[in-house]
Structures are given as C-alpha cells and as structure tokens.
Amino acid sequence: MLYDAYELQRSMLAGASAMATFSAGLLQNPANPWSYLGGGSIVASALEVFAHAAAPRGKPAFGLTHTVIDGREVPVHEEIVLQKPFGQLKRFRREGVEGGPRLLIVAPMSGHFATLLRGTVERMLPIADVYITDWRDAKLVPVWEGGFDLDDYIDYLVAFLEAIGPDAGGRGANMLAVCQPSVPCYAATALMCADGNPCRPRTLTMMGGPIDTREAPTAVNTLATERPHAWFEQNAIATVPMTYPGAGRKVYPGFLQLAGFMSMNLGNHMVSHWEMFKHLVQGDGEGAAATKAFYEEYRSVCDMTAEFYLQTVDLVFQTHALPKGEMMHRGRRVDPAAIKDVGLLAIEGERDDISGLGQTKAALTLATSLPEADKRYLMVEGAGHYGIFNGSKWRNRVAPVVEDWMASHAG
C-alpha cells in the first residue's frame, strides 16, 4: 500500500507541476498584460519553484560528450562492456586515445543513479580510461531475474574487473569506491587477493565509506542502530506496483531514501529553494539554473532490492561484520589480511555527516599484511560528504591525490 499511495501522490503532483509550469509561462509572457503588474514575477517565480520541486524524474543522462587532453578536445562515447540484470559496466571511450591508467569507478547503490558521479567521471577523463558501475533501478528488473544482495554485489565487482581484464603487467584496473560500495569493494579486493586473481585491482581508493561505522557515528548510523532489524523489514520495505516491470519485487523505495536524506538537512534544502526563488524574481536565470541542476540529479532516485538493503543494514551498521573479521561471502570469510599488494587510499571529509571521520580510515588498519608504503590517508579539510567526490574540492584537492596514487602504483 505504501508504494501505491506514493504513486498516486506522484501522479497528482505531476499534473500540478504541469499546470504550474503553464501558469508561470503565461505570467511571464510579454503579450500578457498581467505580466507587467508588480506581483506577476513573484507569483510566476513561486509557481516555477513549485513546478520544479513537484515534477517527476527518471534516470538522468551522463551527457559527457567530450573531454580536453593536452589542450585538445577529444570526443567521448559511452560503451556497454558487460550487461547483467541489476547493473552494467559502462566505459567512457575517448576517441583516438589509448593507454593511461584504467579506472573503475564504483557508484553507490543507495537510492541515486550512477549519474550522481558525473563530476567524478568528468574530472578523471583527461587522465584515465574510465569505467563505471551503472546500477539498475530494482523496480525495473522482473522478478524472474532473481534477487540481488551484498554477495551478488561483490560477484558483480569481480565480474566487472575481469571484464576489464589484466594489463600488460598482469594486474587489474584501479578501483575507486564512492561511499557505500567501499565495503563490497574492500571485500572483493580481499577475496581476489586471496585467490591470486590477476584482475585484482592495482589500487583501491575508498571515499567516505562505512568500513567501520563504530568510529564517529553519524545520524545515519544512529538511525540504523536504534531500531531492531525486524523494524526495517516491516517498515522500510515495499512491494513494486503492477505498473512496473519489477511488479511484485520487494524493494527499499528510492523515495524513502530521498526523504531520509532531505530530512537530515531540511533547513539547508529550504534555504536553497528560497535562494532559487529570489534568483528567479531578480531575473537571475543562471543562478537559479545551478540550483535546479543540482536538484534534478538529487531528486532522481531508484529502488534497491529488499535483500541488499536489509543485509547492508545488518552487516555494515548493526553487527559490524567486516571490522570484526566476521563478514562472509557465500560461506567464505572475508580476510583483509589477504590484501598484500594493492595500494589502499582512504579519503574522508572533515565535515562528513554521513560517514564520520575514522570510518574509512579503518580499512588501512584492517589490512595487516599490507606494507605501510602501500597505505595512504587523506582528510579533506572543510569538505562534507559530497564535497570529496564532486565540486571544486574534489577537482582541485582530492583528484590530484588519486591521480598520484594511481601513478605511483603503475607497475
């Protein structure tokens, strides 16, 4: 019933959004005498803010058509390297450019699409052959395709690294995990190292990841631990309605995740919309467009399978299986001590309110067999969670460190 109620509300808001857009356009039309009245622009701006907030959204496009290498503009083409039911491996092929470090960016499966990392990809394109995990919206995957849990996530990562293949030196691509996938990426690396898999990553960079959530718990950790596991199963899981290909599948809906993220910083979101309204009233379309662009991406959400969500809550936030040495993958223990020749880089934001300071750094301590020369830690002063992988701090302060780390392990 929860999902059906949401769909009904979404349909109603879509109609209201369309009407508000029409009305705003009418009030701003030079041929309309009412547009010259003092309150016309104010009403039109308010309607435009409402229309943007209420509009339905699908999966955004990456839209990365070119990059600049050595002052030369190079066309970029998206290619699907490997396609699986719950996600695909996408490559951003730079036309006429060969070589350079290969980089697999692992996008979080946490309610947003991989396009949330557009800025991450864009910054790395000039120096690397970039791949990304493009996860699929669970409500679009038919039930007959089976389930998808944390074990499957790890299997997908191994398959993606093997699809990229080993380089001339007999090693796999560099891997960069943004937030939530730090845990499965770390587990996949440990398992591949234990197996001597030639496609194991050369380096693993973890950014704002919940490796050990006992360190500096945040509001996210508190939410996941103050209620028993059964509560999440009963209150956070919904059934996909008949209007979608995944009808009947149990999921953690993206709209619930978005509501949680919005409520954590509700004041900031209200201020952002108020600023957008003022920009529109003042005729500053460029200023309003920047806020609109951010929320176009931020409000584009997707569903996660119930089994993946519940397993993540249990193992990562409630029982802390990985740092305790108790994490299992298909009956096999994940042993961080198996990591002996992968360069580990842990990056944290000083003001991260999702993954607290120390949670990602714990990955370095757990890798007891790895030489200290192959470990590095970066704390980005003044950066919040999103600032370490998007925006100016990412471009100017974080990305250069990632580049240097990959270069130092080029082999």
Requested in this report: State the number of residues belonging to the stretch 60-109 that are part of a strand (DSSP E or B), surrounded by 20 or more Cβ atoms within 10 Å (Cβ to Cβ) and out of contact with any strand residue (DSSP E or B) (no Cβ under 6 Å at 6 or more places or on another chain).
Outcome: 0
Report summary line: Residue hits (the stretch 152-187; within 18 Å of the chain's Cα centre (by Cα), at negative phi and of a type in the set (A, V, I, L, M, F, W, C)) are ILE154, LEU157, PHE160, MET175, LEU176, ALA177, VAL178, VAL183, CYS185
Report summary line: For ILE211, the lone unmet condition from (1) modelled with pLDDT of 95 or more; (2) not in a loop (DSSP other than H, G, I, E, B) is (2)
Requested in this report: Could you tell me whether the stretch 340-355 includes any residue that is more than 19 Å from VAL178 (Cβ to Cβ) and either within 21 Å of the chain's Cα centre (by Cα) or in the same structural domain as VAL130 (by TED's automatic domain parsing) (or both)?
Outcome: yes
Report task. Looking only at the stretch 150-169, decide whether some residue is within 21 Å of ALA373 (Cα to Cα) and buried (at least 24 other Cβ atoms within 10 Å of the Cβ). Result -> no
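Residue by residue, here is whether (1) within 22 Å of the chain's Cα centre (by Cα); (2) farther than 30 Å from LEU161 by Cβ holds:
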| site | (1), (2) |
| --- | --- |
| MET207 | yes, no |
| THR213 | yes, no |
| THR222 | yes, yes |
| PRO228 | no, yes |
| ALA236 | yes, yes |
| THR239 | no, yes |
Requested in this report: Please verify whether the stretch 185-198 includes one or more residues that are part of a helix (DSSP H, G or I), over 27 Å from GLY349 (Cβ atoms) and among the charged types (D, E, K, R).
Outcome: yes
**Report entry** Unmet requirement for THR189, which otherwise passes all of (1) polar (S, T, N, Q); (2) touching a Gly at 6+ places or on another chain (Cβ under 7 Å); (3) in the same structural domain as ILE132 (by TED's automatic domain parsing)
**Finding:** (2)
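The values are calculated or read from the model by the stated rules, or taken from the named source; none is laboratory data. Here the structure is a predicted model, which means the values were calculated and not measured. We place every Cβ from the backbone using ideal geometry, glycine too, and count neighbours over all the protein chains shown.
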